[in-house]
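Asker: Mind looking over this structure? Questions follow.
Taken together, the values in this text are just the output of simple stated rules run on the coordinates, not laboratory data. Since this is a predicted model, take the numbers as computed values, not measurements. We place every Cβ from the backbone using ideal geometry, glycine too, and count neighbours over all the protein chains shown.
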Number of protein chains: 2
Amino acid sequence: MGEFDLIARYFTRPTTRAVLGVGDDCALLQPAAGMQMAISCDMLVEGRHFFADVDPFTLGHKALAVNLSDLAACGAQPVAFTLALALPRADEAWLAAFSRGLFALADAHGCELVGGDTTQGPLNICITVFGEVPRGQALLRSGARDGDEVYVSGTLGEARLALEALRGSVALPHGRLAAARMRLEQPTPRVALGLALRGIATAAIDVSDGLLGDLGHILEASGTGARIDTSVAINLLADGADTTRAEGHFSHETRLRCVLAGGDDYELAFTAPVSARAAVQAAALQAQTAVTRIGVIEHPPGLRLVDASGHAVPGRYASFDHFA
Amino acid sequence: MGEFDLIARYFTRPTTRAVLGVGDDCALLQPAAGMQMAISCDMLVEGRHFFADVDPFTLGHKALAVNLSDLAACGAQPVAFTLALALPRADEAWLAAFSRGLFALADAHGCELVGGDTTQGPLNICITVFGEVPRGQALLRSGARDGDEVYVSGTLGEARLALEALRGSVALPHGRLAAARMRLEQPTPRVALGLALRGIATAAIDVSDGLLGDLGHILEASGTGARIDTSVAINLLADGADTTRAEGHFSHETRLRCVLAGGDDYELAFTAPVSARAAVQAAALQAQTAVTRIGVIEHPPGLRLVDASGHAVPGRYASFDHFA
């Protein structure tokens, strides 16, 4: 199977929104009037972002999910994406499963593949995604203000827990591992929540490198600080302690570390004024995505972890850095 | 140096055209009224698209050039790009030179870096580029009509000649190799010509995999065929035969192969009606880019090579395929 057959067979589908899709020098998009184009790009490398033996269906899902998550964090509606793929060889079974996983998620969001590139090389998947957001309504990292409250969607730490279990450093019951692994391998981008939060959230980011690190980006961009209640945050790792205590390897410290610095969560962390509490809950309901209030924005700059009584919680929770 | 320092130091610059550049979950572009967004994406892999020891300055240039070449083939004005980079390690000297080469070309075209991704992994460079083209004016592959004439910009085969010389299969005098190598490592995207050909060319493509293969894409998309005069086309490899005959390794056959199937040329191949001959020459003059008429579009489908007398020229000239 040659390069063009491969593209035709696995990666060419009719487009309905794009003016021109796969098969020319460029794709053509026609943004709707008054819309800005939101663009994000993520590269996934074997051995770094996924195991070599990962199910290609889930890999196809995840490669797009991490990009849609960035659109979600901006409150943008997914429209289209490009896919660049370096493959060691043209393995038809792998390609069939990968493209099925990719398109299943793409179709769920009405996001069309419009172009890309295919080459031989160490496995590498680079997706660039395009979304639309009304002019001036994109959620940015820079809008958090003192007094705003800090929210997180869904649950945190599941992906990291799965990773630790797969590495053997944490023992999990079979069913618990399966659920956590699902979060690691097939994360759900919070697109509906991001859209619902337009005009409500003052700042937002998707949690990909770990909550504290990503929240730190909001604080830095907004020039302020935050206080996070770890007694609330720890419950973002669902059903953790009780189910697994029997295994003896899943400590409170591990749980907190997974929540605060786990990474690969693809939840949204965002801020909103106190006056918007009802609006935030309405947005969560509309998006059918739970949100939890875990802290407040306040000076001075920096992140402060406290317990239920407001006392400082010690500990360093480094987020993921590809070159640290 | 961590991931965020690396991005801040080498890949973050103020944007003047984009609404929002590097540093948030998404970049934001605001297409001008009536404009369509042209998008293209190319991935370059070490050992496949470039040698491991290539000068990083020229690599930065080439990584963007091959993408700008796709915009040129659509007649789109470059606006912005994203860069995803997998690096074995954060080598500061390499990054400094790579980013200098990248931005030198980007600045020459007013094309802004607006986002991307950086990760550890086998060296891989994936750029997605965005351009603007007035609605309905993009040059496509599908517009060639019987009777149209076939043109190519600049010269062809230089990059392949350099590659063969570097591999030792062709001997070239030093100065000749330096010039050819420049074409291999720092190709010039024909952006100005693409813009000048809007409304004149009926179809266009950039020559990246070899003239015959890329011209074949136009023929396939347009549902027709072409006759190419090899006695004219061979002169697209400038100053070839005479200068190098002394070396004894640069045959007529090698020359023709470099022209017809060399690859990595990043010239434009395009078609235009006979009635547009003067307009094509005016566009070439405006863009300060020579164009050569090398054949005609005609039924039946397929590519026919002829000599100056119109007799068929035998030979197969396969174009590049990453998985063939």
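Asker: How many residues are facing chain B (nearest Cβ under 8 Å) and surrounded by fewer than 20 Cβ atoms within 10 Å (Cβ to Cβ) if we restrict to segment A:7-22?
Answerer: Residues of segment A:7-22 facing chain B (nearest Cβ under 8 Å): A:19-20.
Right, trim to surrounded by fewer than 20 Cβ atoms within 10 Å (Cβ to Cβ) and you get A:19.
Qualifying residue count, segment A:7-22: 1.
Asker: Related question: Return yes when B:Gly60 is more than 10 Å from chain A (Cβ to nearest Cβ) and under 24 Å from B:Ala180 (Cα atoms) and no when it is not. Walk me through how you get there before you give the answer.
Answerer: Working: more than 10 Å from chain A (Cβ to nearest Cβ): yes; under 24 Å from B:Ala180 (Cα atoms): yes.
Criteria met by B:Gly60.
Asker: Could you please let me know if A:Ala180 is over 30 Å from A:Thr12 (Cα atoms), away from every other protein chain (no Cβ under 14 Å) and crowded, with 24+ Cβ neighbours inside 10 Å?
Answerer: Values: over 30 Å from A:Thr12 (Cα atoms): yes; away from every other protein chain (no Cβ under 14 Å): yes; crowded, with 24+ Cβ neighbours inside 10 Å: yes.
In short, yes.
Asker: Which of the numbered conditions does A:Cys111 fail, given that it passes all the others? Conditions: (1) within 18 Å of the chain's Cα centre (by Cα); (2) more than 19 Å from A:Pro14 (Cβ to Cβ).
Answerer: Condition not satisfied by A:Cys111: (2).
Asker: List the number of the failed condition for A:Pro122; all other conditions in (1) surrounded by fewer than 24 Cβ atoms within 10 Å (Cβ to Cβ); (2) in a strand (DSSP E or B); (3) facing another protein chain (nearest Cβ under 8 Å); (4) out of contact with any Phe, Trp or Tyr (no Cβ under 9 Å at 6 or more places or on another chain) hold.
Answerer: Only one criterion is unmet by A:Pro122, namely (2).
Asker: Continuing with this model, one more query. Does A:Ala80 qualify as being small (Gly, Ala, Ser) and more than 15 Å from A:Ile127 (Cα to Cα)? Break it down into steps so the answer makes sense when it comes.
Answerer: Numbers: small (Gly, Ala, Ser): yes; more than 15 Å from A:Ile127 (Cα to Cα): no.
Against the criterion (small (Gly, Ala, Ser) and more than 15 Å from A:Ile127 (Cα to Cα)), A:Ala80 does not qualify.
Asker: Looking at B:Ala97, is it in contact (Cβ under 8 Å) with a residue 24 or more places away in the chain, of a type outside the set (S, T, N, Q) and within 11 Å of chain A (Cβ to nearest Cβ)?
Answerer: Working: in contact (Cβ under 8 Å) with a residue 24 or more places away in the chain: yes; of a type outside the set (S, T, N, Q): yes; within 11 Å of chain A (Cβ to nearest Cβ): no.
No.
Asker: Still on this model: Inside segment B:24-44, can you point out the residues that are over 19 Å from B:Gly75 (Cβ atoms) and facing chain A (nearest Cβ under 7 Å)? Explain how you work it out, then say what you get.
Answerer: First pass over segment B:24-44, keeping only residues over 19 Å from B:Gly75 (Cβ atoms): B:24-28, B:30, B:43-44.
If the condition is that a residue be over 19 Å from B:Gly75 (Cβ atoms) and facing chain A (nearest Cβ under 7 Å), then B:Asp24, B:Asp25, B:Cys26, B:Ala27, B:Leu28, B:Gln30, B:Met43 are the ones that fit.
Asker: Could you identify the single residue in A:Leu193, A:Leu139 that is buried (at least 21 other Cβ atoms within 10 Å of the Cβ), within 14 Å of chain B (Cβ to nearest Cβ), hydrophobic (A, V, I, L, M, F, W, C) and assigned to a loop (DSSP other than H, G, I, E, B)? Working first, answer last.
Answerer: Values: A:Leu193 fails: assigned to a loop (DSSP other than H, G, I, E, B).
Unique residue meeting the criteria: A:Leu139.
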